1. Can you tell me which residue is farthest from Gly19 (Cα to Cα) among those in the range 43-76 that are in contact with a helix residue (DSSP H, G or I) (Cβ under 7 Å, 6 or more places away or on another chain) and hydrophobic (A, V, I, L, M, F, W, C)?
2. On the given criteria, is Arg85 modelled with pLDDT of 85 or more, part of a helix (DSSP H, G or I), loosely packed, with under 11 Cβ neighbours inside 10 Å and charged (D, E, K, R)?
3. Would you please list the contacts, defined by Cβ atoms under 9 Å and residues six or more apart or on different chains, that run from a residue in the range 75-92 that is over 18 Å from Asn158 (Cβ atoms) to a residue that is basic (Lys, Arg) and not in a helix (DSSP H, G or I)?
4. Listed residues Leu54, Leu67, Leu148, Leu76; which is modelled with pLDDT of 85 or more, under 30 Å from Asp15 (Cβ atoms) and of a type outside the set (Phe, Trp, Tyr)?
5. Can you list residue pairs whose Cβ atoms sit under 6 Å apart, with the first residue in the range 47-74 being in contact (Cβ under 8 Å) with a residue 12 or more places away in the chain and aliphatic (A, V, I, L, M) and the second being surrounded by 10 or more Cβ atoms within 10 Å (Cβ to Cβ) and assigned to a helix (DSSP H, G or I)? Count only pairs 6 or more apart in sequence or on different chains.
Amino acid sequence: MTDPTDESAGSRLIDKAKGKAKQLAGAALGDEELQHEGELHEEKAEAAERAQKLDAQAEQAQHEAELEARRHELELERESVAAERASEARKEAIERERVREERDAERQREQSEELIDLREAGDRKQISEADRRAAQERLEAERKADELEREAQRARANAERIEQGEQR
């Protein structure tokens, strides 16, 4: 299969050659009509050449536009994947927080039960006031430790969100 641009380039050369020949023949014979016909052949060849160049430029522009559209699609896809990852990370952090809160609630329930047991035992066994205060202080210290752990968890979660924001 022959390239159409080769055929049209050959056709343009033939039209230019015909044009020149007719112009020269017209000038030599004094035939203005033949000379004008030769000029038209040359103009036709030049117009076809300009059209081919414009077609090539249009094709190049179309190709570049398609590449840019693909780049844009890929960037959107990257952003979508990053958003999905961030969403998954948030879900995981929420789940970790939920599990921790459940664990903390269970620990507090156990501590409350222990305090009740101690009070009941104190009533039954007449536990000294010092022992009771020591148990209460231990429970208060454990509550404070739990609160500090919750604060630390929130700080870690905030740090993760900030880090994810910086990665974008």
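The values are calculated or read from the model by the stated rules, or taken from the named source; none is laboratory data. All values derive from a computational prediction rather than experimental measurement. Here Cβ is always computed from backbone atoms with ideal geometry, including for glycine, and neighbour counts include all displayed protein chains.
1. Ala48
2. On the way: modelled with pLDDT of 85 or more: yes; part of a helix (DSSP H, G or I): yes; loosely packed, with under 11 Cβ neighbours inside 10 Å: no; charged (D, E, K, R): yes.
Considered against the rule, which asks whether it is modelled with pLDDT of 85 or more, part of a helix (DSSP H, G or I), loosely packed, with under 11 Cβ neighbours inside 10 Å and charged (D, E, K, R), Arg85 comes out as no.
3. Filtered contacts from the range 75-92: Glu79/Arg168; Ala82/Arg168; Ala83/Arg168.
4. That would be Leu54, the only listed residue that is modelled with pLDDT of 85 or more, under 30 Å from Asp15 (Cβ atoms) and of a type outside the set (Phe, Trp, Tyr).
5. So the pair list comes out as Ala48/Arg12.
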